[in-house]
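What follows is calculated from the coordinates using simple rules that are stated; it is not laboratory data. Computed from a predicted structure; not experimentally measured. Glycine gets a Cβ as well: all are built from the backbone with ideal geometry, and neighbour counts include every protein chain shown.
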Amino acid sequence: MNESYFKQLEETLYHEQLPNGLEVYILPKKGFSKTFVTFSTKYGSIDREFIPLGKKEAVIVPDGIAHFLEHKMFEKEEGDVFQQFSEKGASANAFTSFTKTTYLFSSTNHVLENTKTLLDFVQQPYFTEETVEKEKGIIAQEITMYDDQPDWRLYFGAIENMYKEHPVKIDIAGTVESIDKITAEHLYECYNTFYHPSNMTVFVVGAVNPQEMMDFIKQDQAAKTFEAPQDIQRFFPTEQPNVAFEKRSLQMDVQKPKVIYGIKSTNTDISGKEMLNFELSMQVAIELLFGRTSAFYQDVYEKGLIDESYSADFSMEKGYGFTMIGSDTVNAEQLAEKIKQSIKEQAKEGQFTEEDLKRVTRKKIGFFLRALNSIEYIANQFTRYSFNDMNLFDVVPALENLTLEQVMHALESLKDEQKHTVFTVVPFEKNGNE
């Protein structure tokens with residue numbers, strides 16, 4: 001078992017890759033009574049075209065199938081898995097993102113028994129055409145519910161504006177039409193390809209004995225039989241550098257307009273330390289230009305163009321990335337123009353100093369150190385970093401070593417207006433079209 005000590009954070013991380021390829025990470029936390037365990041596969045909604053295990057030709061599966069599969073994993077022939085967790089005092093859940101699916105539980109006792117339940121139900125699929133058909137109605141209702149949520153439509157509308165080909169533009173749950181095409185055979189094909197231990201990671205954090213837990217997981221996996229690991233071949237369409245739509249709007253039942261100003265990133269074919277440094281540079285750049293202590297924020301707040309819903313952030317994974325600045329507003333066009341002008345002026349003037357950089361990085365380090373007191377935060381973030389060949393505990397030293405030159409380079413990448421887009425959700429009484 002490998003042991004990594006992060007002196008600055010006073011954290012010790014234990015790691016081992018098992019013979020079947022499964023990565024296991026354990027982070028004991030002193031003073032905690034709760035333990036959080038996640039079991040994740042590097043498989044999300046964007047993985048729609050791939051070569052299935054044991055085949056030679058690529059297939060394109062129905063949109064929403066990763067999320068559909070996540071739902072179906074909890075249903076077994078002998079009953080619902082949630083009941084097994086609750087009987088042992090555990091709270092269980094799961095979620096699907098663009099790039100991964102995670103199953104998890106938290107508990108203060110019976111941790112090993114609950115870990116066994118987690119490992120078993122994720123590694124023992126059970127699908128029938130009958131149960132698949134039943135699930136379609138449930139997920140269709142979920143899709144319809146999200147279709148009625150203005151903030152969700154705003155978020156995905158902005159992504160759809162940015163991407164013409166990449167499947168990140170497709171709702172994680174798919175559409176009512178796409179999930180209707182899903183069969184049990186589809187689910188097994190995706191499961192067998194992406195749920196192999198070599199494509200998965202277990203992460204344990206909290207009140208745990210690392211050696212005991214590692215031995216327990218190793219014994220569990222050694223008692224199970226798996227196919228030999230194979231590299232997964234995934235395919236993604238070639239994406240154009242510019243946005244798909246410069247501007248679109250959607251009418252919904254809202255009190256006042258909602259707007260997102262999106263900026264598409266093209267520096268997305270990176271991973272590891274390069275990705276970590278670029279991501280942090282972008283986040284610091286956005287905080288300097290659009291954060292709540294920025295001149296921009298003070299200006300638009302005083303003019304009444306934003307409210308408490310305002311946000312500005314940068315997101316990326318391998319293959320896609322974007323900046324989003326948005327808020328509920330009384331004047332979407334004016335706010336979008338203010339954002340555009342702020343980027344343009346910054347690109348010309350470069351008014352930020354080393355002191356500005358220190359102020360923002362200190363703030364981000366403080367937030368991160370406080371977040372490390374939440375085992376839920378650590379559990380949710382660690383695997384995402386790991387799947388991108390990054391380490392969550394490298395964030396603080398990377399922030400401390402960030403240079404103004406890196407941040408200014410990140411700001412420079414925002415100024416190409418062919419990568420800018422605006423999506424608004426407007427009240428029914430105003431003109432708008434999807």
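Each Lys or Arg adds one and each Asp or Glu takes one away; over the other residues whose Cβ falls under 14 Å from the Cβ of Leu112, this sums to -2.
Based on other C-beta atoms within 10 Å, arrange Val259, Val254 from fewest to most. Mind dumping the intermediate values first?
On the way: Val259 26, Val254 18.
With the sparsest Cβ surroundings first, the list reads Val254, Val259.
Mean residue ellipticity at 222 nm from the helices of the chain, using -39,500 (n - 2.57) per DSSP H segment of n ≥ 4 over the full residue count, to the nearest 500 deg cm²/dmol?
Numbers: 15 runs with 179 residues, N = 434.
Value at 222 nm, helices only: -13000 deg cm²/dmol.
Once Rh for region 317-373 is found with the Kirkwood sum over Cα pairs, what is the Stokes-Einstein diffusion coefficient at 25 °C and 0.890 mPa s, in µm²/s? Mind showing how you got there, number by number?
Working: Rh = 14.6 Å.
D, rounded to a whole number, is 168 µm²/s.
For Lys247, nonlocal amide neighbours, meaning residues 5 or more places apart or on other chains whose placed amide H falls under 5 Å from its own, are Val422. Region 2-222 gives an Rg/Rh value of 0.99, both radii derived from C-alpha positions and Rh following Kirkwood.
Between Trp152 and Lys344, what FRET efficiency comes out of the Förster formula 1/(1 + (r/R0)^6) with R0 = 22 Å and r the beta carbon distance, rounded to 0.05?
Values: r = 30 Å, r/R0 = 1.38.
With R0 = 22 Å, the Cβ-Cβ based efficiency is 0.15.
The label-point distance for Gln230 and His71, in a model that sets each label 7 Å from Cα toward Cβ, rounds to 2.9 nm.
Once R0 is set to 51 Å, what does the formula 1/(1 + (r/R0)^6) return for the Cβ-Cβ distance between Asp120 and Lys256, expressed as a FRET efficiency to the nearest 0.05? Mind showing how you got there, number by number?
Numbers: r = 50 Å, r/R0 = 0.98.
With R0 = 51 Å, the Cβ-Cβ based efficiency is 0.55.
For a modelled paramagnetic label at Lys273, 7 Å from Cα along Cα-to-Cβ, no residue of region 8-34 is in reach, as no backbone nitrogen comes under 14 Å. Over the chain, what is the relative contact order in percent, taking alpha-carbon pairs closer than 8 angstrom and at least six residues apart? Averaging sequence separation for qualifying contacts and normalising by length gives 22 percent for the chain.
Looking at the chain, send over the antiparallel percent of its DSSP beta bridges, to the nearest 5.
On the way: 54 of 66 bridges.
If we restrict to bridges inside the chain, about 80 percent are antiparallel.
Relative contact order of region 2-222: 36 percent, from C-alpha pairs under 8 Å at least 6 residues apart in sequence. Computed log10 I(q)/I(0) for region 136-202 at 0.15, 0.17, 0.25 Å⁻¹: -0.68, -0.82, -1.06, from the Debye equation with unit scatterers placed on every C-alpha and solvent omitted. The protection proxy used here, the mean number of other Cβ atoms lying within 10 Å of each residue, ranks peptides 114-125, 83-94, 141-152 as follows, highest first: 114-125, 83-94, 141-152. Going from the fewest other Cβ atoms within 10 Å to the most, the residues Asp299, Asp253 appear in the order Asp253, Asp299.
Only bridges whose two residues both fall in region 247-427 count here: according to DSSP, what percent of them are antiparallel, nearest 5? Don't jump to the answer; show the numbers that get you there.
Details: 20 of 26 bridges.
DSSP beta bridges in region 247-427 are roughly 75 percent antiparallel.
For Lys358, the aspartates and glutamates whose Cα falls under 16 Å of its own Cα, not counting residues fewer than eight places away in the same chain, are Glu287, Glu400, Glu405. The rule of thumb for compact globular proteins, 2.2 N^0.38 Å, goes into the C-alpha radius of gyration of the chain 1.03 times.
The string of couplings for region 110-126 from the Karplus curve (6.51, -1.76, 1.60, θ = phi - 60°) is 6, 5, 5, 4, 5, 5, 4, 4, 4, 4, 5, 6, 6, 9, 10, x, 9 Hz, one whole number per residue in order, with x for Gly and Pro.
Only one residue of Gln418, Ile339, Ala94 has its Cα farthest out toward the positive end of the dipole of the chain, where Lys and Arg carry +1 and Asp and Glu -1 on Cβ, and that residue is Ile339.
From the C-alpha gyration tensor of region 238-318, pull out the three semi-axes of the equivalent ellipsoid (sqrt of 5λ each), sorted largest to smallest, in whole Å. Walk me through the numbers on the way to the answer.
Working: eigenvalues 147, 80, 19 Å².
The answer is 27, 20, 10 Å, longest axis first.
Place a point 7 Å from the Cα of Glu3 along the Cα-to-Cβ direction; which residues of region 196-210 have their backbone N under 16 Å from it? It comes to 208-210, nothing else.
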